[in-house]
1. Enumerate by residue number the GluC sites (Glu not before Pro) in region B:160-235 meeting two conditions: DSSP loop (anything except H, G, I, E, B), and at most 15 other Cβ atoms within 10 Å of the site's Cβ.
2. Please tell me the relative contact order of region A:175-314 in percent, rounded to the nearest whole number, where contacts are Cα pairs under 8 Å and at least six residues apart.
3. With labels modelled as points extended 7 Å from the Cα through the Cβ direction, what inter-label distance (nm, one decimal) is found for A:Asp65 paired with A:Arg218?
4. Can you give the accessible area of B:His96, probe radius 1.4 Å, in Å² rounded to 10?
5. Over the protein assembly as shown, give the accessible area per residue in Å² for a 1.4 Å probe, as an integer.
6. Averaging over every viewing direction, what projected area does the convex hull of the Cα atoms of the protein assembly as shown cover, in nm²?
7. With a Förster radius of 30 Å, plug the Cβ-Cβ distance of B:Arg264 and A:Arg288 into 1/(1 + (r/R0)^6) and report the FRET value to the nearest 0.05.
8. Under a point-charge model restricted to the Cβ atoms of Lys and Arg (+1) and Asp and Glu (-1), what is the dipole moment magnitude of chain B relative to its Cα centre, in debye to the nearest 20?
Protein chains: 2
Amino acid sequence: MSIDLDRIRAAHERIRAYIKRTPVMTSSRLDEASGASLFFKCENFQKIGAFKARGATNAVFSLDDAIARRGVATHSSGNHGAAVARAARLRGIPAHVVMPSNSAKVKVRAVESYGAHILFCEPTEEAREAACADVVKKTGATLIHSFDNEDVMAGQGTAVMELLEDVPDLDLVICPVGGGGLLSGTAVAAKSMRPRIKVIAAEPENVDDAAQSFRAGRLIQTEKKLTIADGLRTNVGAPNFAIIQRYVDDIVIVSEEAIISAMRTIWETMKIIIEPSAAVPYAAIVERKIDVAGKRVGIILTGGNVDLNALPWT
Amino acid sequence: MSIDLDRIRAAHERIRAYIKRTPVMTSSRLDEASGASLFFKCENFQKIGAFKARGATNAVFSLDDAIARRGVATHSSGNHGAAVARAARLRGIPAHVVMPSNSAKVKVRAVESYGAHILFCEPTEEAREAACADVVKKTGATLIHSFDNEDVMAGQGTAVMELLEDVPDLDLVICPVGGGGLLSGTAVAAKSMRPRIKVIAAEPENVDDAAQSFRAGRLIQTEKKLTIADGLRTNVGAPNFAIIQRYVDDIVIVSEEAIISAMRTIWETMKIIIEPSAAVPYAAIVERKIDVAGKRVGIILTGGNVDLNALPWT
C-alpha cells in the first residue's frame, strides 16, 4: 500500500476545516528576472507557519477513536512538533513532543502554546528516537513520524493539489526535499492530476543525500552537515525515496549563498517572510539549475518561521 | 471643489489596469490578541511596495495629453517619488524627482529603476520645494505633490474602496496619518460608502501635529522630529486637514516602542513585511488607544519597503 490521489483527496476533505487554503502569489519582478511565470503557494501563511500543519493534522485525524485517545507522540526540532501539538489539541487528545535540548526557544514556545507535553533530549538522532520510543511504550501514544508516515505524506500532498486547482496549467512544480514527506506527497498529487507535469526537487548541496540517492538509484545516507535551510537537514526516508524514484523528474542542488540570496530577494520583492528552506526552489532557478524559460512554474513556499534576531544576512 | 466618492470611483477606473488589487488578510492570533476581527488591506503588496502607487498613478493619468507631454515633477524621500516615476514611465512621459541628498540608497535605486530624472538637494523642506519649483519652471512639468493634490487623495481613497467591496460590514477603519493624503481619501470613501463607519487615524506621538490640529480645530505646524515611522514625519496639509476635520472621527497617538513592537508582531504572526509606518494602526490597538472590542476593523497596511540591513529591533 502506498499513497495515491484518492488518499490525498481524502486527506484534504479530512483537514480542510483545520487548515488554511493558502493564497497563490505572483511577482512581475521575479517573472521578469527568471523569464518564467512563477506561482508561489504560500504555505508560510499556513497554520503554525508551515505546510507541516497539513500532514500532521491528517495523521492525527486519521486515527481511530480508541487509538487516538491514548495520544500521539513525535520527535521534532521544528515545525512538525508544533503541527502535531496543534492537531492533537484540535482533536482533544494528549501530545508528547520530544525536542533536542538545543531547539530554538521560539520553536519550544510554539509547541508549548498548543499544550503539548515536551520531553527534552540530547541533540542526536538516536537520543530523539529513543526518547520517543520510550514515551510511546509508556503511554500507548501513536508515533506520528514527520515524513515516514503515509498519512503525513498524503496530507503534505494537499498543498500542490490546491495549487493545481487554482493554477491548472503548470508545466513544472519545484519543492524542497529534506526527509521527503512533502516531495513524495507533492509528486504523487501533481503527476496524478497532471500526468505531463514535471516535478523537480531542490536540495542544499551541503545535505545532498536525496540528490545522490536519486542519481545512484539507491538510498545513500550522508552525514548531517550544516545548512542554513535547517528544515532540510534530515536524510530522505526509505518509503519516501521509493515514491520519489517513481514520480520525481529530477533533484538539483543549490549553494548556501544562493539560498540566502534567494530568501532575501523574496522578502524584498514579494514582502513576505519565508524561512531559508522555503527559498531553496527559487535559489535553484537563480543558479540556473532548472530550465524554467517560458514555463509556468509552481513553487511551494514551505514555511515562514524565522528568528528575526538572527537573519542570515546580518 | 473637493473630492467625493464619484471622483474616487473614477480614479479606480482610471488606475485599475496599472495597480494591484491587493488582498485582505486576517490572522486568528491577532484577532484573539485584540478581541476584534481585523482585516488587513495589504498595500505592502502594492506596486512599488506602497499605496502611493494609487494616488500618483491617478494624478499622472488625469493630466491632459498636451500638459502630460511636458512631464511631471515631485519631491520625495520615499515611496511617492517611485510612484510618480513609475506612473510617468507607464504613460511614456518624463518624470523629475527631487530627492534629499541623504535619501536611502534603496529609495534612490527604486526611482532610478523607473527611468526618472533625479535631482539631489539639501535635506530640508525648503530646498526640496525650491529645487522642485525650479525644475517645474525650466521644463514645464506638472508638480504632483505627494498629498496636497486632489487627484492623489482620490487615488489613495481607492484602497479602502476595495477593502469595503471585499469586507462590506466593517465597523471601523484605521489608517496612519502623515501629510494626510491617504487619510483624506480614506475618510471620504469610507464615510460615503458606509455612513455609519468610524474612521480613526493613528499617528506617532513624536510627530503629533495632526492629532494636535484635530483637537485644536485648526492647523498646527510642529517641528519635524524623528520617528521610526519615517513615512509619517510630514505635517498634515491644509486641504487634507479640511477634509479630515469633516470626516474623521478621531486621531490617536502611539509611542515609538509600540510601533516597533507592532511591526515585529505583524512580521512574526502574519509572515508579511510591513514598514514601520504601516504598523502604526496596530500599535494603537495594542496600546489600547482605540476601543476595538468585538468590532470588525479594517486596517490599511500602507507599505512594505524596509531596509533589511537596518531593522529597528537589531
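1. Numbers: sites: B:Glu162, B:Glu165, B:Glu205, B:Glu223; in loops: B:Glu223.
Listed in order of number, the matching sites are B:Glu223.
2. On the way: 246 pairs, mean separation 37.5, N = 140.
It rounds to 27 percent for region A:175-314.
3. So the two model labels end up 4.9 nm from each other.
4. 20
5. Details: 24510 Å² over 628 residues.
For the protein assembly as shown, the solvent-accessible area averages 39 Å² per residue.
6. Numbers: hull surface 110.9 nm².
Value for the protein assembly as shown: 27.7 nm².
7. Values: r = 36 Å, r/R0 = 1.19.
The pair B:Arg264/A:Arg288 has a calculated efficiency of 0.25.
8. Values: 38 positive and 37 negative charges, 167 e Å.
Charge dipole of chain B: 800 debye, to the nearest 20.
The values are calculated or read from the model by the stated rules, or taken from the named source; none is laboratory data. Please read these numbers as outputs of a predicted model, since none were measured by experiment. With ideal geometry, Cβ positions are generated from the backbone for all residues, glycine too; neighbour counts draw on all protein chains shown. Keep in mind that these areas ignore ligands, DNA and RNA; they rest on the heavy atoms of the full protein, side chains included. Shrake-Rupley method; radii C 1.70, N 1.55, O 1.52, S 1.80 Å.
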